[in-house]
Amino acid sequence: MTPLDEFWGQLPFRADDFQVEAAEAVSEGHSVVVTAPTGAGKTLVAEAAIHLALSRGERSFYTTPIKALSNQKFSDFVAGYGPERVGLLTGDNVINGDAEIVVMTTEVLRNMIYAEGTRLDKVGLVILDEVHYLQDRTRGAVWEEVIIHAPQDLQLVCLSATVSNNQEFAAWVGERRGPTRLIATDHRPVPLESMYMIRDRMGAQTLHLLPTFVEREGKRRPNPRIEHMLGLERGRRRRFKSPNRIETVERLAEEGMLPAIFFIFSRAGCDAAAHRLVDAGVRLTDATQRASIREIAETRTAHLGDQDLAVLGYERWIAGLEAGVAPHHAGLVPAFKETVEELFEAGLLKVVFATETLALGINMPARTVVLESLSKFNGETHELMRPGDYTQLTGRAGRRGIDVEGYGVVLHSPFVRFGSVTEVASIGSHPLRSSFRPTYNMTANLVANYSQEQAEELLEASFAAFQREGDKHAADTTIEALEHSLEKEESAAHCERGPVEEYMALVESAQPEGHNDRISSILGAGQVVDVPGGARDGRYVILKRLARKDGGARYLVLATSGRVSTIGYRDVVDGSTIVTELEIPLPVRPKDRRYVQDLLRMLRRVPPRESSKEIRKHPIIDHPVAGCPDAARHLAAARRAVRIRRKLEQHRSARRSSGHGLVEEFDGIRRLLEDLGYLEGWQLAERGQRLRGIYNESDLLLTESLEQGLFHGLEPAEVAALTSVFVYEPRTDTASLAEWPTAALAERWEELDLLWKDLVDRERALRLAPTRRPDPGFGIPAYEWASGADFDDLTSKGMAPGDFVRVSRQLVDLIRQLRDSAPGLREEAVAALRAIDRGVVAAQGVG
């Protein structure tokens with residue numbers, strides 16, 4: 001009996017054809033790329049490959065994109081192989097690191113490969129789970145680095161969600177790794193039924209749950225009944241509405257379609273939805289289930305103190321669990337998230353409200369997936385979900401061996417056409433695009449491990465270069481136009497009285513909770529709005545809201561000039577304000593000259609902006625720019641500049657990831673490292689060796705900060721606070737205010753800011769992507785926590801507990817790197833680690 005026959009014989013079920021084909025390819029010595037829908041059983045291929053490696057006396061590494069998934073796989077393998085044969089390496093924990101099977105995050109493996117240690121001895125197999133993650137903008141290059149630099153005798157098993165260019169990706173892997181087989185399937189083991197739920201305010205049946213598609217003449221077509229219903233919509237009073245969450249859950253329960261995952265694209269929305277159901281008295285569990293839920297929750301949170309639990313809202317959270325309802329998002333502490341995952345997998349939770357991050361690998365299958373909206377706000381406007389995203393999210397629907405079919409339910413929205421729903425819900429996938437680009441750390445490691453010729457060949461061997469499409473001229477034209485627009489807005493934002501960026505940060509910090517200056521989405525008939533700057537600078541009264549176009553709002557308006565026209569959401573720039581509201585006569589008659597003249601007189605009688613709601617809306621800001629008569633225009637221009645910079649970075653990133661100029665960019669990085677003393681020709685200087693050990697988005701700036709002595713003489717809590725600027729990223733585009741608890745930190749921050757500006761100037765001169773500006777927004781909480789403050793006493797400015805823990809874990813990881821890379825800082829780094837890695841931050845479960 002062959003090892004593979006032995007493996008199949010242990011299974012209580014018959015493996016699918018694609019699993020057998022992939023395992024046989026591995027047994028023949030091939031690397032494999034396996035693409036299949038979520039829940040199809042890709043992990044079984046990995047388990048078969050591990051069995052084959054063990055039979056040959058070889059070790060196996062299983063990599064995942066996130067620590068939570070590593071923890072879950074570790075637990076699964078321990079259950080299957082025993083704790084003595086399985087290890088875990090996540091940066092937070094080292095458990096049995098020399099075991100036969102070791103689970104780790106992909107970055108850990110990349111760091112091993114560069115370190116040239118003995119950790120890869122006897123390793124014959126590497127499994128790259130969720131390999132489609134290589135398109136991630138900030139971390140995706142790690143997967144390519146592993147595929148390119150891993151020893152050639154390692155066999156790779158790449159597991160991916162369905163992508164439209166799987167043959168291209170497999171061809172590239174084969175070019176890098178030798179004989180490689182593509183095993184692809186679109187088959188779902190549990191079929192998906194796409195459904196549409198709509199509330200009818202006039203019909204006998206108030207809540208309709210209908211198939212999105214029907215079979216007609218052997219073809220899958222949009223349901224004509226839904227099209228007919230929506231065709232009845234007439235007038236301003238809408239007949240059809242979006243179902244609310246309570247009635248949706250109750251209907252799903254009636255239809256036997258629970259458990260369900262509701263995807264809501266906001267953390268606050270997830271929390272609010274769970275609380276609303278519980279407050280409304282929804283109970284989906286019995287007494288026995290409630291007792292099991294409380295026992296599991298108490299066990300999972302036993303390591304947290306009473307004070308921490310109180311701050312985390314434990315009582316309300318567990319009340320929701322006992323009702324069978326819970327939120328799941330990155331704002332929750334790990335213990336809460338892991339509890340929800342365990343309870344849902346055990347069938348004790350019936351409804352989970354989750355953000356889309358749940359779609360990444362975590363094993364939480366449901367009978368039904370509900371999508372409240374097919375559009376998501378991207379920072380500027382709402383954009384429609386791609387078919388591949390729909391496929392990924394609804395991949396959670398249908399539990400193998402339990403459900404005959406799974407359900408993907410889209411709730412009706414008046415802002416998304418049914419035709420758009422059917423387009424998105426069509427089975428599809430999007431192409432895998434590389435995000436690879438050389439970094440300073442990567443360059444240092446290439447210099448350390450390869451000749452110059454080999455290093456350049458490896459860069460050209462990236463998936464980015466493999467995908468090169470050659471549209472360089474169009475990319476350069478777009479970037480040039482954006483650079484011109486940015487220069488124009490930066491000029492308009494300039495104020496002689498002081499830096500507008502500081503003023504903008506003060507204005508943003510003074511806004512009430514939940515305030516958003518983008519008001520275009522909430523304008524209604526009769527409202528008078530002032531638009532400061534842009535193509536539509538001026539005052540308007542809204543006559544009526546028009547049909548949406550390109551996902552954004554449009555309005556019919558009357559200007560103070562007397563002109564009736566339409567404006568779009570892009571015309572209502574940041575800084576626009578609602579001045580007042582007029583009672584306009586109905587119906588609106590924009591072609592009636594007398595009607596327009598009467599309305600124009602009303603509009604012109606509205607007082608100037610200085611006495612409008614804007615003054616009452618904003619508190620007085622103590623800043624020199626606040627006294628400038630053009631402050632609003634400066635502010636609007638500064639905000640537009642922020643958006644343009646983001647677009648510019650997106651286009652630059654797209655240009656880089658398309659494979660253009662990778663070697664040229666590498667050469668620019670080398671020249672900069674030589675100028676700063678990190679390289680001497682093709683040799684690393686001492687500081688270059690330190691750079692090799694710093695894995696951070698701002699790797700060079702952090703290493704420069706060490707070299708310039710910015711951490712010298714600081715107390716451990718100050719080391720933690722200053723290091724935090726390299727890991728913290730605010731959830732908005734507005735930079736945090738530079739507030740520091742000690743004079744020493746304020747002084748070092750000023751030096752660091754100057755160092756960053758000098759580095760960015762050098763980067764721009766060499767046409768390199770500028771390093772992200774460090775953000776001081778976590779400095780005070782980091783200092784307080786490292787100084788021994790209790791969790792509930794932190795100055796966290798509304799930061800979610802899960803975010804605090806996540807950033808603190810990233811901070812711990814980076815300080816470990818400083819400890820290992822900077823011997824002169826070792827004592828302070830060790831003390832800082834002890835001060836941070838405690839309490840709720842240290843409570844991380846297995847990993």
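Structural remarks
- Size of electric dipole in the chain: Cβ of Lys, Arg +1 and of Asp, Glu -1, about Cα centre, debye, nearest 20: 4620
- Distance from region 16-81 to region 390-408 (C-alpha centre basis), Å: 22
- Among residues other than T2 with Cβ under 14 Å from its Cβ, the summed charge is -3 (Lys and Arg +1, Asp and Glu -1).
- Mean separation of Cα contacts under 8 Å (6+ apart) over length of the chain, as relative contact order %: 12
- Taking a ≥ b ≥ c as the square roots of the eigenvalues of the Cα gyration tensor, region 244-334 is classed as oblate, since a/c reaches at least 1.5 and a/b does not exceed b/c.
- q = 0.10, 0.12 Å⁻¹: log10 I(q)/I(0) that the Debye formula gives for region 112-221, counting C-alpha atoms only: -0.52, -0.63
- Extension gain from T742 to E496, taking 0.36 nm per residue of separation minus the Cα-Cα distance: 85.5 nm
- Highest to lowest packing among 218-228, 264-274, scored as the average C-beta count within 10 Å: 264-274, 218-228
- Summed side-chain charge close to A685 - residues other than A685 whose Cβ falls under 14 Å, Lys, Arg +1, Asp, Glu -1: -2
- Where only alpha carbons of region 207-287 are counted, the Rg and the Dmax (Å): 16.5, 50
- With protein chains left intact and a 1.4 Å probe, residues in the chain average 44 Å² of accessible area per residue.
- Simple rule: put +1 on each Lys or Arg Cβ and -1 on each Asp or Glu Cβ in the chain, find the dipole, and look at M602, I318, I296; the Cα lying farthest toward the positive end is M602.
- Listed pairs K647/K757; K241/K544; K42/K647; K42/K219; K219/K241; K488/K591 exceeding 26 Å between Cα atoms: K42/K647; K42/K219; K219/K241; K488/K591
- Histogrammed with a bin width of 10 Å, the alpha carbon distances of region 8-57 distribute as 24, 59, 16, 0 percent, first bin at zero.
- If R0 equals 22 Å, the separation of the Cβ atoms of E295 and A330 corresponds to a calculated FRET efficiency of about 0.25.
- Dipole moment magnitude, nearest 20 debye, region 93-252 about Cα centre, only Lys, Arg, Asp, Glu C-beta charged: 1600
- Within-11-Å neighbourhood charge of R199 [Cβ basis; K, R +1; D, E -1]: +3
- Per-residue accessible area (protein heavy atoms, 1.4 Å probe) orders D813, D803, D306 as D306, D813, D803, starting from the largest.
- Two-decimal log10 I(q)/I(0) for region 51-200, as the Debye equation yields it once each C-alpha is a single scatterer, q = 0.15 Å⁻¹: -0.82
- Structure-based [θ]222 nm, the chain - -39500 (n - 2.57) summed over DSSP H runs of at least 4, per residue, nearest 500: -13500 deg cm²/dmol
- Three principal axis lengths of region 382-490 [C-alpha, angstrom, descending]: 57, 48, 25
- Annotation: region 748-847 has a Kirkwood hydrodynamic radius of 15.4 angstrom, from the mean reciprocal C-alpha pair distance.
- Which label in [x] 28.7; [y] 30.9; [z] 29.7 gives the computed Kirkwood radius over Cα pairs in Å: [z]
- Stretch gain in nm, segment Y450-E315, where the contour uses 0.36 nm per residue and the Cα spacing is subtracted: 42.9 nm
- Heavy-atom accessible surface of the chain: percent carbon and sulfur, 1.4 Å: 48
- Report note on the peptides 75-81, 690-696: ranked by the mean count of other C-beta atoms within 10 Å, highest first, their order is 690-696, 75-81.
The values are calculated or read from the model by the stated rules, or taken from the named source; none is laboratory data. Fair warning: this is a prediction, and the values are worked out from it, not measured in the lab. Note that we place each Cβ from the backbone using ideal geometry, even for glycine, and neighbour counts take in every protein chain shown. Side chains included, ligands, DNA and RNA excluded: accessible areas come from the protein's heavy atoms. Shrake-Rupley method; radii C 1.70, N 1.55, O 1.52, S 1.80 Å.
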